[in-house]
1. State the antiparallel share, in %, of DSSP beta bridges confined to the range 1-94, rounding to the nearest 5.
2. Give me the number: length gained by fully extending Asn68 to Glu121, i.e. 0.36 nm times residue separation minus the C-alpha to C-alpha distance, one decimal in nm.
3. Which whole-number value in Å² is the accessible area per residue of the range 1-102, probe 1.4 Å?
4. Over 19 Å between Cα atoms, which of Lys91/Lys126; Lys29/Lys49; Lys2/Lys26; Lys23/Lys49; Lys2/Lys45 qualify?
5. By per-residue mean of other Cβ atoms within 10 Å, what is the highest-first order of 63-72, 7-16, 80-89, 125-134?
6. Taking a ≥ b ≥ c as the square roots of the Cα gyration tensor eigenvalues, with a/c under 1.5 meaning rounded and otherwise prolate when a/b beats b/c, else oblate, which class fits the range 34-90?
7. With a 1.4 Å probe and all protein chains left in place, how much of the accessible area of the range 1-66 comes from carbon and sulfur atoms, in whole percent?
Amino acid sequence: MKFNISGRNVEVTESLKTAIEEKLGKLDKYLTDEATANVTLSVNKDRQKIEVTIPVKGHIIRSEQVSNDMYVSIDLVEEVIERQLKRYRHKLIARQQGGGGENYFHPEFMEKESDDEEVVEIIRSKKFGMKPMYPEDACVQMELLGHSFFAFV
């Protein structure tokens, strides 16, 4: 993977370049050498921000992380980008459009089964007592409450 590293209000030192290339270099197992990561570092007061954008065919993998330490931001952005790449792979496979990102993804990554599915945890659930009503009545009630609604046919 190629890197375009730039800085706003911050000098991009060799140690920062090395840290970025080392952390984001772990994503090479997902992407081929043709992929390019655009990395922008910026500093505003105590906020150290990193933005990473990786364009792939038909989609953009992007993350932006802010913390008090640039190296912590680099770690955080790497985790988010990796998660997005896995989701994008699942999306391609689900739509049976494996050719859409074929030039940027390693074939082994596209073909292997994933064991590390994200676990969805329900934090809170609510129950409401509802009376049956016609769809038109439900629309009127939603309009009275000021909610937007979608009609499914």
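The values are calculated or read from the model by the stated rules, or taken from the named source; none is laboratory data. Here the structure is a predicted model, which means the values were calculated and not measured. Ideal geometry is used to build each Cβ from the backbone, glycine not excepted, and the neighbour counts take in all protein chains shown. All accessible areas refer to the heavy atoms of the entire protein, side chains included, with ligands and DNA or RNA removed. Shrake-Rupley method; radii C 1.70, N 1.55, O 1.52, S 1.80 Å.
1. Given both bridge residues lie in the range 1-94, the antiparallel proportion sits at roughly 70 percent.
2. 16.2 nm
3. 56
4. Over 19 Å apart, Cα to Cα: Lys91/Lys126; Lys29/Lys49; Lys2/Lys45.
5. 80-89, 63-72, 7-16, 125-134
6. Because a/c hits 1.5 or more and a/b exceeds b/c, the range 34-90 counts as prolate.
7. Whole-percent figure for carbon plus sulfur exposure: 43.
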